[in-house]
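Participant: Below you'll find the structure I mean.
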Amino acid sequence: MQNIIFDMGNVLINHDPVHFVEREGIADATDRELLLNIIFRAEGWAKLDSGEMVEAELESQVLPALPARLHAAAHRLIFAWERPIEAIPGMEALIQECKGRGLGVYLLSNASLRQPEYWKDVPCSRFFDGAVVSACERCVKPDPEIYRRLLDRYGLEAGECVFVDDVQANVDGAVAAGMCGIRFEGSAEKLREALFS
């Protein structure tokens with residue numbers, strides 16, 4: 001193992017749409033479910049990750065489907081879902097340890113074109129040697145092409161890389177590309193054990 005490649009959402013930072021909607025203080029359960037369905041569970045959200053759409057286009061589709069009382073919350077959920085950034089406990093220290101062990105650390109994330117705007121505010125981002133973001137590539141995990149691009153861009157050998165993601169299909173994609181794969185289940189300590197014990 002020479003390099004570790006991390007997913008971002010639910011590995012480095014919290015990405016829980018139910019929590020994001022609750023954080024907006026939406027009291028009515030029907031309103032909460034409407035926001036989840038119209039924003040996060042609809043095709044448009046996936047198109048942000050694939051680079052087929054930007055947030056302003058998604059908002060123009062979403063607002064007409066929502067009552068006016070939810071427009072401000074919808075805007076924040078589309079343009080600032082990550083605020084405030086909630087780091088997964090223990091991951092910053094683990095990644096710092098990886099760097100201390102001389103390992104390369106890379107990001108491979110399904111995320112929108114906005115990702116570079118907030119990536120610098122993710123506490124562990126300063127340790128990373130490189131990043132590939134799906135929207136910038138117009139290619140999403142688990143498409144084999146996105147793993148190949150990461151390897152080629154940074155001159156990495158697949159057999160020297162471990163890939164960490166919370167979605168099994170994405171882990172399987174990395175394994176198919178020749179990497180070792182670990183599914184992250186929320187515990188930095190368990191991941192540390194899997195990597196170094």
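The values are calculated or read from the model by the stated rules, or taken from the named source; none is laboratory data. Just so we're clear, the structure is a prediction, and the values are computed from it rather than from any experiment. Here Cβ is always computed from backbone atoms with ideal geometry, including for glycine, and neighbour counts include all displayed protein chains.
Participant: Take the residues in region 80-96 that are of a type in the set (Asp, Glu) and surrounded by 15 or more Cβ atoms within 10 Å (Cβ to Cβ); name whichever of them is nearest to Pro17 (Cα to Cα).
Facilitator: This residue is Glu82.
Participant: Taking the conditions exactly as written (exposed (fewer than 15 other Cβ atoms within 10 Å of the Cβ), of a type in the set (S, T, N, Q) and not assigned by TED's automatic domain parsing to the domain that holds Lys47), does Ser187 satisfy them or not?
Facilitator: Working: exposed (fewer than 15 other Cβ atoms within 10 Å of the Cβ): yes; of a type in the set (S, T, N, Q): yes; not assigned by TED's automatic domain parsing to the domain that holds Lys47: yes.
Criteria met by Ser187.
Residues checked against (1) in contact (Cβ under 8 Å) with a residue 12 or more places away in the chain; (2) among the charged types (D, E, K, R); (3) within 30 Å of Gly130 (Cβ to Cβ):
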site: Asp7; (1), (2), (3): yes, yes, yes
site: Pro17; (1), (2), (3): yes, no, yes
site: Ala29; (1), (2), (3): no, no, no
site: Ala56; (1), (2), (3): no, no, yes
site: His71; (1), (2), (3): no, no, no
site: Ala87; (1), (2), (3): yes, no, yes
site: Leu107; (1), (2), (3): yes, no, yes
site: Arg114; (1), (2), (3): yes, yes, yes
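Participant: Let me ask something else. Within region 104-118, can you find the residues that are under 16 Å from Asn14 (Cα atoms), assigned to a helix (DSSP H, G or I) and not polar (S, T, N, Q)?
Facilitator: Selection gives Tyr118 alone.
Participant: Still on this structure: Can you name every residue in region 160-172 that is under 17 Å from Arg183 (Cα atoms) and either free of Cβ contacts under 8 Å to residues at least 40 places away in the same chain or surrounded by fewer than 19 Cβ atoms within 10 Å (Cβ to Cβ) (or both)?
Facilitator: Within region 160-172, Asp166, Val167, Gln168, Ala169, Val171, Asp172 qualify.
Participant: Separate question: Out of the residues in region 1-19 that are of a type in the set (A, V, I, L, M) and assigned to a loop (DSSP other than H, G, I, E, B), state the one that is farthest from the chain's Cα centre (by Cα).
Facilitator: Filtering first and then ranking leaves Met1.
Participant: While we're here: Do we find a residue being modelled with pLDDT under 95, out of contact with any Cys (no Cβ under 7 Å at 6 or more places or on another chain) and not aromatic (Phe, Trp, Tyr) anywhere in region 34-42? Show your work before the answer.
Facilitator: So the first thing to find is which residues in region 34-42 are modelled with pLDDT under 95, and the list is 42.
So of that shortlist, the ones also out of contact with any Cys (no Cβ under 7 Å at 6 or more places or on another chain) come out as 42.
From the residues that got through so far, the ones that are not aromatic (Phe, Trp, Tyr) too are 42.
Yes; the residues of region 34-42 include at least one that is modelled with pLDDT under 95, out of contact with any Cys (no Cβ under 7 Å at 6 or more places or on another chain) and not aromatic (Phe, Trp, Tyr).
Participant: Tally the residues that are over 14 Å from Leu36 (Cα atoms) and surrounded by 14 or more Cβ atoms within 10 Å (Cβ to Cβ), restricting the search to region 62-79.
Facilitator: Number satisfying all stated conditions: 1.
Participant: Please determine whether any residue of region 145-158 is more than 16 Å from Ser109 (Cα to Cα), assigned to a helix (DSSP H, G or I), touching a residue at least 12 places away in the same chain (Cβ under 8 Å) and hydrophobic (A, V, I, L, M, F, W, C).
Facilitator: Taking every residue of region 145-158 in turn, at least one turns out to be more than 16 Å from Ser109 (Cα to Cα), assigned to a helix (DSSP H, G or I), touching a residue at least 12 places away in the same chain (Cβ under 8 Å) and hydrophobic (A, V, I, L, M, F, W, C).
Participant: Just to be sure, is Pro123 at pLDDT below 95 and either of a type in the set (Lys, Arg) or not assigned by TED's automatic domain parsing to the domain that holds Ala56 (or both)? Show your work before the answer.
Facilitator: Working: at pLDDT below 95: yes; either of a type in the set (Lys, Arg) or not assigned by TED's automatic domain parsing to the domain that holds Ala56 (or both): yes.
Yes, satisfied.
Participant: Could you list, in sequence order, all residues of region 27-60 that are in a loop (DSSP other than H, G, I, E, B), surrounded by fewer than 19 Cβ atoms within 10 Å (Cβ to Cβ) and not small (Gly, Ala, Ser)?
Facilitator: Step one: of region 27-60, the residues in a loop (DSSP other than H, G, I, E, B) are 27-28, 41-42, 51-54.
Still in the list and also surrounded by fewer than 19 Cβ atoms within 10 Å (Cβ to Cβ): 27-28, 41-42, 51-52, 54.
Once the filter is applied, which keeps residues that are in a loop (DSSP other than H, G, I, E, B), surrounded by fewer than 19 Cβ atoms within 10 Å (Cβ to Cβ) and not small (Gly, Ala, Ser), region 27-60 yields Asp28, Arg41, Glu52, Val54.
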